[in-house]
Amino acid sequence: MNKQLLKQRFCSAKETYIEHAAVQAKMAVDLVDLAKGYIDGSQVDNILELGSGTGLLTKAVLNYFSPKHYAANDLVPCTNSVIQEIVEANSCATFQFIAGDIEAVDFPKRQYLICSGATIQWIKNLSLFFSKMHDCLEENGYLILSSFGPDNYTEIKEITTHGIAYPDVFEVMQLASDYFEVVDQKEWHQQLYFKSAYDVLKHMRYTGVNGTANCKWTKRHFQNFVDKYENYKHNAGYPLTYHPYLLVLKRK
């Protein structure tokens, strides 16, 4: 995975992400709704958000929790001002932004809640990640996160024979189990529909998720993609499958 390219693509998609990331927006709201059943909002003084992006999860978190301090991390430094504005508009929390790769930077300790929306699929060593998050949390603290399962972008993978190797949610829970108790989990499949195969590609570009491979398509490659996508078309249009999941984890 080319994280430098990923950084460039997400920076380019900063202005279009919120408009086109309907699935990720639902994941953010649903993740907080799931967590509310287990976490007392009045106890949460310190929150760390990983992969804060343009703030979909930030807004959802601050709609329920009222922390004294909010720290946010993202690979893309230019999102700093966006997240700071959301935090200041929705809470009285002090704010800290930590730019950089989750796997490389250091995070503040004694967090009661760590949250991450649609980010851990970019992490190379999940076992080490869960160990690191365990060390950042208070005793009985929580890690809540969302990501995507192996059926994500099924159509793209079948046509191009390339794509992200998303781990199964049960594999992720197994990797987390040395450090966390699985409190709850939820997963589902969802399809978005587009007017053309080209619109599918534009959607992926607008949400930054085409940032894992540096390849240039020839006219022949593009036409082959369009022709093969016809096999997926039905009355609603050209589908693109999402396979989201949510996890609520408690520190052991």
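The values are calculated or read from the model by the stated rules, or taken from the named source; none is laboratory data. On a predicted model such as this, the values are computed, not experimentally measured, just so you know. Note that each Cβ is placed from the backbone with ideal geometry, even for glycine, and that neighbours are counted across all protein chains shown. Areas reflect the complete protein model, heavy atoms only, side chains present, ligands, DNA and RNA absent. Shrake-Rupley method; radii C 1.70, N 1.55, O 1.52, S 1.80 Å.
When the residues of the stretch 10-22 are filtered to those that are surrounded by 20 or more Cβ atoms within 10 Å (Cβ to Cβ) and in a helix (DSSP H, G or I), the one that is modelled with the highest pLDDT is TYR17.
Listed by first and then second residue, the pairs linking a residue in the stretch 151-177 that is more than 30 Å from VAL226 (Cα to Cα) to a residue that is assigned to a helix (DSSP H, G or I) and open to solvent by 30 Å² or more (accessible area, probe 1.4 Å), with Cβ atoms under 7 Å apart and 6 or more places separating them unless they lie on different chains, are LEU175/SER127.
If you go through the stretch 46-101 and keep only what is β-branched (Val, Ile, Thr) and either touching a Phe, Trp or Tyr at 6+ places or on another chain (Cβ under 9 Å) or buried (at least 23 other Cβ atoms within 10 Å of the Cβ) (or both), you end up with ILE47, THR54, THR58, VAL61, VAL76, THR79, ILE83, VAL87, THR94, ILE98. Hydrophobic (A, V, I, L, M, F, W, C), part of a helix (DSSP H, G or I) and more than 22 Å from ARG251 (Cβ to Cβ) - does that describe any residue in the stretch 52-61? The answer is yes; a qualifying residue exists. The residue of the stretch 150-191 that is nearest to the chain's Cα centre (by Cα), among those that are open to solvent by less than 60 Å² (accessible area, probe 1.4 Å) and of a type in the set (Asp, Glu), is ASP168.
Hey, does the stretch 76-96 have a residue that's touching a Leu at 6+ places or on another chain (Cβ under 8 Å) and either among the aromatic types (Phe, Trp, Tyr) or assigned to a strand (DSSP E or B) (or both)? The answer is no; no qualifying residue exists. Residue-level check: of (1) open to solvent by less than 60 Å² (accessible area, probe 1.4 Å); (2) over 16 Å from the mean Cα position of the chain (by Cα), ARG220 misses just (1).
Restricting the search to strands (runs of 3 or more DSSP E) fully inside the stretch 104-203 and requiring at least 1 residues that are at pLDDT 95 or above and in contact with a Cys (Cβ under 7 Å, 6 or more places away or on another chain) gives 111-117, 137-148.
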